[in-house]
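The values are calculated or read from the model by the stated rules, or taken from the named source; none is laboratory data. Please read these numbers as outputs of a predicted model, since none were measured by experiment. Neighbour counts are summed over all protein chains in view; Cβ atoms, including those assigned to glycine, are modelled from backbone coordinates with ideal geometry.
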Amino acid sequence: MAFAIRPRRSVLYMPASNPRALEKAKTLNADGFVFDCEDAVAPDMKEVARRQAIAAANSADYGKREVVVRVNGLDTPWGYQDLVAVASCGAHAILLPKIQSAEMVRRVEEILLASGLREETALWVMIETPLGVLNVREIAQATPRLRCMVMGTSDLSKDLQAQPSKDRLALLTSLSLSVLAARAYGLSILDGVHVDINDDDGFTRACWQGVEMGFDGKSLIHPKTIDTTNRIFAPSSESVSNARRIIAAHADANNKGQGVVVVDGKMIENLHVESAWRLVELAEAIEKLHKGGH
């Protein structure tokens with residue numbers, strides 16, 4: 001199932017226990033925010049984070065940007081109450097951590113539905129364990145409400161007992177399998193965070209690797225990385241212009257009853273036209289999202 005294209009180049013985690021972070025998010029040009037009640041929040045601040053995440057999601061202070069709340073897992077003392085509390089809030093999506101099976105997604109969805117989940121609220125899932133990767137195909141089909149998968153590469157690296165490297169060699173299989181599942185079932189997918197916020201070169205390299213692998217964008221932990229991410233994951237003006245030329249040439253050939261389309265000496269097939277339309281639609285969606293400020 002394919003959904004309307006929505007820019008998800010940069011999605012920034014913000015600790016929901018920190019009111020200054022939630023306030024700061026109002027001024028940032030990320031495509032989306034995850035108001036986090038899980039990993040970024042100390043145990044004694046979980047209930048505060050829940051209340052503040054819901055209040056932020058219910059506000060209209062974040063403009064057209066996508067607002068997501070990450071809850072705690074059902075196997076924690078806070079998970080069930082998180083689900084009950086956030087089900088009817090104004091978030092665009094609820095992000096479920098450490099998903100390892102389709103059944104886990106459906107069990108959480110049942111609790112949310114019983115707690116008043118709005119029809120328009122989507123589900124996102126974290127893929128961050130070896131079992132989650134092995135079951136990613138089934139997870140991607142768990143519910144029509146699922147829109148996006150987010151790689152949790154830090155937890156995954158820990159569980160794999162993998163050693164860090166510049167090319168993320170130990171993670172490539174997991175990342176590729178997850179992209180395959182997302183594309184097979186029409187979902188968005190976000191690459192994991194780059195934990196060293198002072199490693200600008202490494203961050204840039206990871207962004208380009210994510211683009212090359214097919215990710216829609218990257219999850220972030222610091223505002224200073226937003227601009228780089230937006231630039232790298234956005235279509236270039238040159239590629240958009242070329243895509244428009246392909247679309248126009250194909251339409252002109254169809255109107256003339258011609259079966260062969262050539263642009264810049266290259267044969268154009270339907271698959272090229274489909275890719276061109278997607279690229280143009282993404283560029284237009286980005287412009288619309290950030291037009292006129294936040």
Among the strands (runs of 3 or more DSSP E) confined wholly to region 101-196, which include 1 or more residues that are within 19 Å of Gly79 (Cβ to Cβ) and of a type in the set (Phe, Trp, Tyr)? 122-127
So Leu74 passes all but one of these: (1) closer than 20 Å to His222 by Cβ; (2) over 19 Å from the mean Cα position of the chain (by Cα); (3) of a type in the set (A, V, I, L, M). Which condition number does it fail? (1)
Go through region 70-82 and give me each residue that's surrounded by fewer than 20 Cβ atoms within 10 Å (Cβ to Cβ), of a type outside the set (S, T, N, Q) and either assigned to a loop (DSSP other than H, G, I, E, B) or in contact with a Phe, Trp or Tyr (Cβ under 9 Å, 6 or more places away or on another chain) (or both). Gly73, Leu74, Asp75, Pro77
Among the residues of region 157-168, the number that are under 18 Å from Thr204 (Cβ atoms) and at pLDDT 95 or above is 1
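Collect the residues in region 223-241 that are in a helix (DSSP H, G or I) and either in contact (Cβ under 8 Å) with a residue 12 or more places away in the chain or in contact with a Leu (Cβ under 8 Å, 6 or more places away or on another chain) (or both), keeping them in residue-number order. Don't jump to the end; show me each part of the working.
Residues of region 223-241 in a helix (DSSP H, G or I): 223-233, 237-241.
Answer for region 223-241, where residues must be in a helix (DSSP H, G or I) and either in contact (Cβ under 8 Å) with a residue 12 or more places away in the chain or in contact with a Leu (Cβ under 8 Å, 6 or more places away or on another chain) (or both): Pro223, Lys224, Thr225, Ile226, Asp227, Thr228, Thr229, Asn230, Ile232, Phe233, Ser239, Val240.
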Within region 1-43, how many residues are of a type in the set (Lys, Arg) and under 21 Å from Val280 (Cα atoms)? 3
Only one of (1) under 16 Å from Leu112 (Cα atoms); (2) out of contact with any helix residue (DSSP H, G or I) (no Cβ under 9 Å at 6 or more places or on another chain); (3) of a type outside the set (Gly, Ala, Ser) fails for Asn58. Which number is that? (1)
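Mind checking whether some residue in region 50-69 is among the basic types (Lys, Arg) and either assigned to a strand (DSSP E or B) or farther than 19 Å from Tyr13 by Cβ (or both)? Even if it seems obvious, please write down each step before you answer.
Within region 50-69, the subset among the basic types (Lys, Arg) is 50-51, 64-65.
Still in the list and also either assigned to a strand (DSSP E or B) or farther than 19 Å from Tyr13 by Cβ (or both): 64.
Scanning region 50-69 turns up at least one residue that is among the basic types (Lys, Arg) and either assigned to a strand (DSSP E or B) or farther than 19 Å from Tyr13 by Cβ (or both).
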Testing Cys207 on (1) touching a helix residue (DSSP H, G or I) at 6+ places or on another chain (Cβ under 8 Å); (2) assigned to a helix (DSSP H, G or I); (3) under 18 Å from Ile127 (Cβ atoms), one condition comes back false. Which one is that? (3)
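Of everything in region 29-44, what is among the hydrophobic types (A, V, I, L, M, F, W, C), at pLDDT 95 or above and more than 12 Å from the chain's Cα centre (by Cα)? Give them in sequence order. Give the derivation first.
Within region 29-44, the subset among the hydrophobic types (A, V, I, L, M, F, W, C) is 30, 33-35, 37, 40-42.
After this cut, where a residue has to be at pLDDT 95 or above as well, the list is 30, 33-35, 37, 41-42.
Matches in region 29-44: Phe35, Cys37, Val41, Ala42.
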Can you go through Glu47, Glu38 and tell me which one is of a type in the set (Asp, Glu), touching a residue at least 24 places away in the same chain (Cβ under 8 Å) and not in a loop (DSSP other than H, G, I, E, B)? Glu47
Restricting the search to region 8-62, which residues are in contact with a Pro (Cβ under 8 Å, 6 or more places away or on another chain) and acidic (Asp, Glu)? Asp31, Asp36, Glu38, Asp39
Flagged in region 200-222 as in contact with a Leu (Cβ under 7 Å, 6 or more places away or on another chain) and crowded, with 17+ Cβ neighbours inside 10 Å, in numbering order, are Phe215, Asp216, Gly217, Lys218, Ser219, Leu220
Do you know which of the residues in region 223-237 that are over 13 Å from the mean Cα position of the chain (by Cα) and under 22 Å from Ser165 (Cβ atoms) is surrounded by the fewest Cβ atoms within 10 Å (Cβ to Cβ)? Thr228
